[in-house]
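Notes follow the structure.
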Amino acid sequence: MSNLISKSLAVSKIRLRDRMWNKRLLMTGGVFFLFLFMTEEGIVRVAIQNRMYVSPYIFPFLSSDWVFQMMASGYFVWLVSDLCTVRPSDEYIRRRAGEKSWRFGNCIALLVSALAFSVGILVFSTSFFFPVLQPSMEWGRFWNTLSKVNSSAFGVRIQVSPMLPHLYKPSEAMFLSFLLQTLELSWLALLMYLLNSFSYTMMGLYVSVAFIFLDVFLSNTMQERYYRFSPVTLAQLGNYTLATRRYGMSLSYGILFFLLGNILFSILLLLEPGRMGESA
């Protein structure tokens, strides 16, 4: 068991260095960084115009905005899609490590990527407020006020959910939204890896992208009863209200949905005897 873990950790380190920490990440990450800045600049402008300081709790509102959640999830799935394929140049490491260590190592790499991506969003989204940032253990007047008005009328690009200050303390909202975000990203990534492995194709990428758009599809077709199967919907802390309980949604259900999915996908990957096909 210890040998499996040590080999898997070595595989994950190599895979992250080879497929993630490279020029591809730097170039596309810069574009996503710009998107994040443009998403938040309206909030900073409102704070400056009204001479108000902002407490560092943007992340729960950001991750509860369906547009941002779709964009972030889509970018992440594309970013880690390379970890869910195998090329001829990978065969040496794969054979040296063994099939189980190779797969487990890739699972670890996907989980680490999901965690790092969520941390990156949290850090950068907060740093943009530096000119008006004020450390506080409370939501503060700014977030409470913005959540009670039509924020889009002030040029704010995200929906500032009034349910978050009403239902959660800032520390609770930060922890829970971060947990949901990380679990959702890893769920999509592991699903993609599993389906790619079973089908010997890039089918997992297409299915994961379809799940990302499921939130919009259900909303536009009035099929809200299926929200409990939409990962992007379940990743938004602001969606867990009394109104959505009728659709079978609750915070405990959402966390359990992601946890069980991540565990199941990982187990199936380790048990599946076949080999993953090469990327097209």
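Could you work out the relative contact order of the chain? I mean the mean sequence separation of Cα pairs under 8 Å and 6+ apart, divided by the number of residues, in percent. Mind showing how you got there, number by number?
On the way: 363 pairs, mean separation 78.9, N = 280.
Reported as a whole number, the value is 28 percent.
Out of the total accessible area of the chain (probe 1.4 Å, heavy atoms of protein only), what percent is carbon and sulfur? Please report the intermediate quantities before stating the final value.
Numbers: 9300 of 13750 Å².
Carbon with sulfur: 68 percent of the solvent-accessible area.
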Cα extents of the chain per principal axis, largest first, Å, are 61, 41, 34
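Set the Förster distance to 30 Å, then compute FRET efficiency between LYS100 and MET70 from the Cβ-Cβ distance, nearest 0.05. Kindly include the intermediate steps, with their values, before the conclusion.
Numbers: r = 34 Å, r/R0 = 1.14.
Calculated transfer efficiency: 0.30.
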If you find the alpha carbon centre of the stretch 116-163 and of the stretch 23-53, how far apart are they in angstrom? 11
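Leaving ligands, DNA and RNA out of it, rank ARG225, ARG157, ARG87 by accessible area with a 1.4 Å probe, largest first.
Working: ARG225 125, ARG157 145, ARG87 95 Å².
Greatest to least solvent exposure: ARG157, ARG225, ARG87.
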With each label point set 7 Å from Cα along the Cα-Cβ vector, what nm distance links ASN220 and LEU256? 3.3
Under 18 Å between alpha carbons, and skipping anything fewer than 8 positions from LYS7 in its own chain: which aspartates and glutamates qualify? ASP18, ASP90, GLU91, GLU99
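For PHE154 and MET38, what does the FRET efficiency come to when R0 = 22 Å and r is the distance between their Cβ atoms, rounded to the nearest 0.05? Mind showing how you got there, number by number?
On the way: r = 15 Å, r/R0 = 0.70.
My answer for the efficiency is 0.90.
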Cross-link reach from LYS23 to lysines, straight Cα distance under 23 Å and at least 8 residues apart if same chain, gives LYS13
If amide H atoms are built 1.01 Å from N in the plane of the peptide, which residues on other chains or at least 5 residues away come under 5 Å of the amide H of VAL54? LEU133, GLN134
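Excluding ligands, DNA and RNA, what is the solvent-accessible area per residue of the stretch 26-145 at a probe of 1.4 Å, expressed in Å²?
Values: 5530 Å² over 120 residues.
With the other protein chains kept in place, the stretch 26-145 gives 46 Å² per residue.
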Net charge within 9 Å of VAL232 by Cβ-Cβ distance, Lys/Arg positive one each and Asp/Glu negative one each, not counting VAL232 itself? -2
At what distance in nm do the modelled label points of ARG141 and ASN22 sit from each other, each positioned 7 Å from its Cα along Cα→Cβ? 5.2
Tabulate in residue order the Karplus-calculated ³J(HN,Hα) for the stretch 93-103, using 6.51 cos²θ - 1.76 cosθ + 1.60 with θ = phi - 60°, rounded to whole Hz; enter x for Gly and Pro. 5, 4, 6, 5, 7, x, 4, 5, 5, 4, 5
Accessible surface, the stretch 160-280, averaged per residue in Å² (probe 1.4 Å): 47
Give the long-range amide H neighbours of VAL86: residues separated by 5 or more places, or on another chain, with amide H under 5 Å away, using H modelled in the peptide plane at 1.01 Å from N. SER279
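The values are calculated or read from the model by the stated rules, or taken from the named source; none is laboratory data. Values in this document were obtained by computation on a predicted structure and should not be read as measured data. Note that we place each Cβ from the backbone using ideal geometry, even for glycine, and neighbour counts take in every protein chain shown. SASA here: full protein model, heavy atoms, side chains in, ligands and nucleic acids out. Shrake-Rupley method; radii C 1.70, N 1.55, O 1.52, S 1.80 Å.
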